[in-house]
Ligand code: AMP
């Protein structure tokens, strides 16, 4: 279901070449969320498939996943739980490391944020190689939560992240695609 009312959401996403390093086409959603109608259409379309799904919490990945996830949680009448970069959460955490092109990164969640079997909708702005989302999924698995689906504004299909996520059995909902990296 498209709720874009003739909006071409892709037109609101700005591409910045060679950021953060040469060769990367950075798909910048700040221009999308700055527009009130495009922002609303995006959030509506992200939640649409899940309006009748039992979900206990919306989980967003730092940082753009917080902006979208907060709006989505509010729209679904649910609470929001953050997954943050290492060292940012004040309470006791669990951690998952993942490989970047150069080096390693880690994501964390509060240990007591979710109980076994609680149903979660996972949100980020974009899926590229899938490294971040797979680490977030593993982290949620560690808590015992049940990830009902994952949801992104942008998919970069040439980088294969969505396919990897689907292989794990999790549903993936994304709104627009850009070819290349
Ligand atoms: P990945 O782990 O490779 O799937 O990358 C996903 C994460 O990195 C998301 O949190 C995105 O915000 C960010 N990201 C990766 N590639 C891009 C890109 N080309 N444009 C904008 N954000 C990106």
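Some observations on this one:
- Packing-based exposure ordering (other Cβ within 10 Å, fewest first) of 172, 153: 172, 153
- Per-residue Cβ neighbour counts within 10 Å put 108, 167, 118 in the sequence 167, 118, 108, beginning with the fewest.
- Ranked by the mean number of other Cβ atoms within 10 Å per residue, highest first, peptides 140-148, 63-71, 15-23 order as 63-71, 140-148, 15-23.
- Between segment 46-102 and segment 133-157, the Cα center-to-center distance that results, in Å: 9 Å
- GNM remark for the chain: springs join alpha carbons under 10 Å apart, and the peak mean-square fluctuation among 78, 134, 121 falls on 78.
- For segment 42-177: relative contact order, % (alpha-carbon pairs under 8 angstrom, 6 or more apart): 23 percent
- Tensor-based shape of segment 1-104 (alpha-carbon gyration tensor, a/c under 1.5 rounded, otherwise prolate or oblate): oblate
- Prolate/oblate/rounded call for segment 79-148, Cα gyration tensor, a/c under 1.5 rounded: oblate
- Taking other Cβ atoms within 10 Å as a rough exposure proxy, 97, 174 sort from fewest to most as 97, 174.
- Theoretical ellipticity at 222 nm over the chain - DSSP helices of four or more residues, -39500 (n - 2.57) apiece, nearest 500: -8000 deg cm²/dmol
- Cα pair distances of the chain binned at 10 Å [whole percent]: 10, 39, 38, 14, 1
- Annotation for residue 54 and residue 101: the two label points, set 7 Å from Cα along the Cα-Cβ direction, are 4.3 nm apart.
Throughout, read-outs are computed from the coordinates displayed, never taken from laboratory work. Remember, predicted model here, so these are calculated numbers, not experimental data. Here Cβ is always computed from backbone atoms with ideal geometry, including for glycine, and neighbour counts include all displayed protein chains.
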